[in-house]
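The values are calculated or read from the model by the stated rules, or taken from the named source; none is laboratory data. Predicted model only: the values in this text are computed from it and were never measured. Using ideal geometry, Cβ is built from the backbone for each residue, glycine included, and neighbour counts are taken over all protein chains shown. With ligands, DNA and RNA removed, areas are computed over all heavy atoms of the protein, side chains included. Shrake-Rupley method; radii C 1.70, N 1.55, O 1.52, S 1.80 Å.
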Amino acid sequence: MSFRIFLNRFPLSSSLPKVVVLPDAGAENPFQYELVRYLRKHGMTVNIGKKYTLGSTFQALKTHHPEVLYYDWVHSFILGKSLVWSWIKSLVFMAEILWAKSFQQVRIVHTLHNLQNHAGVWLGLEKHVYRFFLHRCDSIRVYSETTKQQAIRRFGLKPEVISVIQDLPYHTYYPNEFTKAESRQKLGVDQAAFVFLFFGEIKPYKGIHHLLKAYSALGSSNAVLLIAGKSYDANYWESLLAESKNNPTIHWHHRFIDDADVQFFFNASDVVVLPFVRIDHSGSIDLAMSFGKPIITLRTEGTLQLLGHQSHLLFDNTFYPLIECLKIAPKIDLLAIGKQNFEIADTTNYRDIVRVFEA
C-alpha cells in the first residue's frame with residue numbers, strides 16, 4: 001500500500017478539528033457566537049448547524065462531515081409541547097447520537113448549562129435521555145465545581161470527562177463607548193436616580209414577578225427600574241404589565257436589544273438585578289460582570305462561589321429576601337464590587353475551552 005493511499009484511508013489526527021455547533025441559539029445568545037468566533041480565531045473550522053423540526057444532527061453530519069459535534073442546550077432536541085411529541089423527539093435524538101458515535105466516529109462535546117429544563121416539564125423523560133446523551137459525550141464543560149459534583153451524582157458521570165471552564169468575557173464582544181451620563185440621556189433616565197437593571201429575555205423562571213413586587217415594596221422616590229428584554233409569551237407579558245400597575249419609575253424596553261444598544265442599559269445602571277427562581281448558570285451574570293456591574297441574584301452554591309465577595313447582594317427566599325438586597329444596594333460601595341466583578345470575568349480560565357475540542 002502506498003503512503004498516499006495509507007493517508008487517504010487512515011488520515012492523521014489533527015489538533016484543529018472541524019466542528020459543528022448545535023443548536024443555533026440565535027442572536028439572543030451571543031455566548032455561542034462569541035465561542036464560535038474564538039474557536040475560529042484558534043484555527044478551527046466551525047459551522048453552526050441549521051434547525052430542523054427533527055433530525056438536526058443527521059443533517060449537520062450529512063452537510064458538514066464534522067470531526068466534533070458541539071452541543072450547547074440539548075433540551076430542545078428532547079422536549080416538545082406534549083409528552084408524546086417529547087418521546088418522538090427524544091427517540092430521534094438518541095438515534096442521531098448513536099449514529100454519530102458508532103458509525104461516524106464523531107467526538108461529542110457539550111456545555112452543561114442546567115441540570116434540568118427551566119420550565120420543569122417532562123423531567124423524568126428528560127433525565128433519562130439526558131443521561132443517555134451525557135454518557136456518550138467525550139468532554140463536558142460546566143461552570144462550577146458545584147455543578148460538576150451535582151452532575152456526577154445525578155447522572156453517574158466520570159469526573160475526568162468534566163471540566164470546569166468559564167465563559168469568554170463579553171467585553172470583547174459588545175461595544176462599550178458611552179459614559180453613564182450619556183447612556184442615561186439616551187434612555188431618558190434621571191441622572192440623579194438610583195437605577196436597577198434587569199436585562200435578558202423575559203421568562204417565568206427569571207423571577208420578574210418577584211422583582212416587581214419587591215421593587216414596589218421598596219417605595220423609593222429616587223429609584224428607577226429598567227427592564228430590557230422581550231417576552232415571547234403574550235399572557236405572561238400581560239401579567240407583568242398588570243403587576244407593574246403603570247408605575248412610572250419602571251421603564252420597560254420590551255424588545256430584543258441590539259448589540260450596539262446593550263452598553264446603554266448596563267452603563268446607565270447602578271446595579272443589575274437577576275431575580276432567578278432557579279438557576280445553575282446564567283449568561284446574564286457573566287454579561288453583567290463583563291460590564292463591571294454589581295449583581296443582585298439568587299444565592300446558590302454556584303453563585304456564592306463566583307460572587308462570594310458581594311454575598312450581601314445574594315438573596316434567598318427564606319432568611320434574606322430580595323427586597324433586603326434592593327435596600328442595601330444604594331448604601332454600599334458598588335463601584336468597588338463592579339471593578340472586582342470585571343476582573344473576575346477578565347481573568348477566568350476561559351482560554352481552556354480550546355483544549356476540550358482537541359483530540
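Table for the structure above
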quantity	calculated
Whole-angstrom gap from the range 106-143 to the range 280-359, using each part's C-alpha centre	24 Å
Distance (nanometres) between label positions extended 7 Å along Cα→Cβ at ALA234 and GLU145	5.0 nm
Rounded to 5, the percent of DSSP beta bridges in the range 18-164 classed as antiparallel	0 percent
Principal axis box of the chain, alpha-carbon based, largest edge first, Å	82, 44, 34
Label zone at HIS312 (point 7 Å along Cα-to-Cβ), backbone N below 13 Å, the range 327-344	327-337
Solvent exposure ordering (accessible area, 1.4 Å, most first) of HIS254, HIS110	HIS254, HIS110
The range 41-113: trypsin sites (Lys or Arg not before Pro) in DSSP coil with no more than 10 other Cβ atoms inside 10 Å	LYS81
Per residue value of the accessible surface for the chain (all protein chains in place, 1.4 Å probe), Å²	47 Å²
Heavy-atom accessible surface of the chain: percent carbon and sulfur, 1.4 Å	55 percent
Excluding exposed DSSP-loop chymotrypsin sites (Phe, Trp or Tyr not before Pro) (at most 16 other C-beta within 10 Å), longest clean stretch of the chain	104-177
Radius 15 Å from Cβ of GLY49, net charge of other residues (Lys, Arg +1; Asp, Glu -1)	0
Projected label distance in nm at TRP85 and SER163, using a 7 Å step from Cα toward the beta-carbon	3.7 nm
